[in-house]
Amino acid sequence: MPTIRSATPADLPQVGKALANAFADDPIWTWLTSHDEQRYHRGAPGFFEADARSILSGPGQVLVDENLGGAALWCAPDHWRSTVGQTLRIAPPAFRLLGARLPRALASLTAMEREHPKDPPHWYLSILGTDPSHQGRGVGSALIHAVTDRCDEEGVPAYLESSKESNIAFYARHGFEVTSEHRFAKGGPMLWLMWRDPR
Ligand SMILES: CC(C)(COP(=O)(O)OP(=O)(O)OC[C@H]1O[C@@H](n2cnc3c(N)ncnc32)[C@H](O)[C@@H]1OP(=O)(O)O)[C@@H](O)C(=O)NCCC(=O)NCCS
């Protein structure tokens, strides 16, 4: 089992790179960037780095493995909704990544937040990614367990959205169940909403 620890601010540039590589073929990100790979690779590391920084500055957890091959951004119970401060901090890298497609991304985020379960309080896995060169070695599983073990001890549920149907079985092995599906706009990608009750 890889060793998991909390990220430090010095780790965040590498966290941004690992997450950008992990999500390079993700259906939602390719849809949001209209398959503009150059723009994605230019903007995504900075965007994910800023996202991780905003979680690190609050009550959530940014977890990494010892090789910084993967990262998980976990929002603490009752802190899953983006605050105005977080949205403003993330706006410049989001614009660099998405340009004129930013309004569509914000509308998608609003739709996701509308579907987000309000109660009971739960840990929210907002981003999980392992760089493809580090996948299949247990990093993703360890990044999940670090928080779901705590959920089980404290009797707290957990929630996530899966952007790939192929990840559903992976998350199911960690105790998450699909509760509903959401489609982004007409012809847009799907999202599977998954909930985990504590054991
Ligand atoms: C989903 C994702 C985070 C999994 O990360 P990972 O580090 O490869 O996860 P793990 O190594 O723990 O598990 C992956 C598989 O490798 C297997 N595995 C775990 N440890 C292993 C080891 N030591 N040796 C070989 N295989 C291993 C697991 O059994 C698992 O198989 P399964 O899918 O059949 O359950 C990763 O594939 C990823 O980043 N994907 C792209 C981004 C993404 O989709 N993120 C989730 C958005 S919802």
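Taking other C-beta atoms within 10 angstrom as a stand-in for reagent exposure, Met1, Met190 fall in the order Met1, Met190, fewest first. Kindly point out which whole DSSP H helices in the chain project their C-alpha atoms 27 angstrom or further along the helix axis while averaging a Kyte-Doolittle hydropathy of -1.0 or above. Those that clear 27 Å and a mean of -1.0 are 37-56.
In this simple spin-label model, placing a label point 7 Å from the Cα along the Cα-to-Cβ direction at both Met190 and Ile168 gives a separation of 0.6 nm.
By how many nm would the segment from Arg114 to Ser34 lengthen if fully extended, with 0.36 nm per residue of separation less the alpha-carbon distance? Walk me through the numbers before you get to the answer.
Numbers: separation 80, 0.36 × 80 = 28.80 nm, distance 2.39 nm.
So the chain would gain 26.4 nm between Arg114 and Ser34.
Estimated at 0.36 nm per residue, the fully extended path between Ala100 and Ser6 surpasses their Cα-Cα distance by 30.4 nm.
Using Cα pairs under 8 angstrom and six or more residues apart, how large is the relative contact order of the range 86-199, in percent?
Values: 113 pairs, mean separation 25.7, N = 114.
Worked out over the range 86-199, it gives 23 percent.
Simple point charges give the picture: +1 on the Cβ of Lys and Arg, -1 on the Cβ of Asp and Glu, and for the chain a dipole about the Cα centre of about 620 debye.
Starting from the Cα of Thr179, move 7 Å in the Cα-to-Cβ direction to define the label point; list residues of the range 143-165 whose amide nitrogen is under 15 Å from there. Only 156-162 pass the distance filter.
Read-outs throughout are calculated quantities, based only on the coordinates presented, and are distinct from any laboratory measurement. On a predicted model such as this, the values are computed, not experimentally measured, just so you know. FYI the Cβ positions are ideal-geometry reconstructions off the backbone, even for glycines, and counts take in every protein chain you see.
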